[in-house]
1. Looking at residue 204 and the list (1) closer than 30 Å to residue 159 by Cβ; (2) surrounded by 12 or more Cβ atoms within 10 Å (Cβ to Cβ), which single condition is not satisfied?
2. Please specify each residue of the range 71-80 satisfying the condition of being surrounded by fewer than 20 Cβ atoms within 10 Å (Cβ to Cβ) and assigned to a helix (DSSP H, G or I).
3. Assuming residue 174 fulfils every condition listed in (1) surrounded by fewer than 19 Cβ atoms within 10 Å (Cβ to Cβ); (2) out of contact with any helix residue (DSSP H, G or I) (no Cβ under 8 Å at 6 or more places or on another chain); (3) touching a residue at least 24 places away in the same chain (Cβ under 8 Å) apart from one, which condition is it?
4. Look through 136, 83 and report the one residue that is of a type outside the set (Lys, Arg) and either out of contact with any Lys or Arg (no Cβ under 9 Å at 6 or more places or on another chain) or at positive phi (or both).
5. Determine if the range 155-166 includes at least one residue that is among the hydroxyl-bearing types (Ser, Thr, Tyr), more than 9 Å from the chain's Cα centre (by Cα) and outside any helix (DSSP H, G or I).
6. So the check is Cβ under 6 Å with 6+ separation or different chains; which pairs have a first residue in the range 177-188 that's under 15 Å from residue 208 (Cα atoms) and a second one that's modelled with pLDDT of 95 or more and exposed (fewer than 12 other Cβ atoms within 10 Å of the Cβ)?
7. Answer yes or no as to whether residue 213 is assigned to a helix (DSSP H, G or I) and of a type in the set (S, T, N, Q).
Amino acid sequence: MFQDTSLLLIGCGKMGGSVLNGLLKNGFPPQNIRVAEPDETIRKTLTEKGIRCAVDASALTDFDPDIVFLAVKPFLIEQVINSVKPFTDKDSVILSIIAGRQIGWFKEKLGMNTVVFRAMPNTPAAIGKGITGVTSCGLASEKQKKITENILKSCGEVVWLDNESQIDAVTAVSGSGPAYIFYLTEALIKAAKTLGLSDENAEKLAKATVIGSAGLMDKSSETPAVLRQNVTTPNGTTAAALELLMNPQSGFEPLLTQAVKAAEKRSKELAKA
């Protein structure tokens, strides 16, 4: 699947590294990869895997990648964008996971004929369980879309968006979503402690419940609503808890909706900054 694809990765931190590890596990040839990364330790590790690295992409201009994958932190993109232009001048495609940088910004910097994909992955990509929302400019060919999708699928599922404006919603739901789940787990641990459970047992019970429930939801053909109903006996213990959590004014759903909307609003603000 990847034998004829070449990739330049700019930025090999947590997210860039997760995608790269996924690619290698799925058979992407190391000799078809170049990495620009200032961290010497990361470069040394990648070199041992057979990947040529450099501190800056300007030292890799003898390479002709199909995809230039931008995975640097948002505040660094201004520093590296000029080193990207030699590649797009040779028709390399841009794949960006940089928050707040819209497709139009890259076209202004690199040329209006540049093919740009914008994606929003999430942290479970680190274990191959991520999900990425992706969109493209109108110039992308079907072949370029397929190559991009295959790269992103190396660390999880891929969802194609109708337009770029939906990236903010993806950021709010799945990009930030793992933090919501982790906080839910934190809260469940604390609640367990108030009932007299030890710290160790509270954490073990809460984490196993969240992990097991997620696994069940993944494997079951039932909807989350049906799975919830299956746990809930009328007038039972779960029903007593859900009476509070499902309150239409003060319950979990209206609170989470407010939270997701706050995240979406902030995502839009960052894009304008």
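The values are calculated or read from the model by the stated rules, or taken from the named source; none is laboratory data. This one's a predicted model, so the numbers in the text were calculated from it and none came from an experiment. Here the Cβ is made from the backbone with ideal geometry for all residues, glycine too, and neighbour counts use every protein chain on show.
1. (1)
2. If the condition is that a residue be surrounded by fewer than 20 Cβ atoms within 10 Å (Cβ to Cβ) and assigned to a helix (DSSP H, G or I), then 74, 75, 76, 78, 79, 80 are the ones that fit.
3. (1)
4. On the way: 136 fails: either out of contact with any Lys or Arg (no Cβ under 9 Å at 6 or more places or on another chain) or at positive phi (or both).
Just one listed residue meets the conditions, 83.
5. Within the range 155-166, none of the residues are among the hydroxyl-bearing types (Ser, Thr, Tyr), more than 9 Å from the chain's Cα centre (by Cα) and outside any helix (DSSP H, G or I).
6. Once the first residue is under 15 Å from residue 208 (Cα atoms) and sits in the range 177-188, no partner that is modelled with pLDDT of 95 or more and exposed (fewer than 12 other Cβ atoms within 10 Å of the Cβ) comes close enough.
7. Details: assigned to a helix (DSSP H, G or I): yes; of a type in the set (S, T, N, Q): yes.
Here the answer is yes, as residue 213 does meet what is asked.
Conditions (1) of a type in the set (Phe, Trp, Tyr); (2) more than 23 Å from residue 156 (Cβ to Cβ); (3) in contact with a strand residue (DSSP E or B) (Cβ under 7 Å, 6 or more places away or on another chain), marked per residue:
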residue	(1), (2), (3)
75	yes, yes, no
79	no, yes, no
86	no, yes, no
92	no, yes, yes
98	no, no, yes
104	no, yes, no
108	no, yes, no
113	no, yes, no
118	no, no, yes
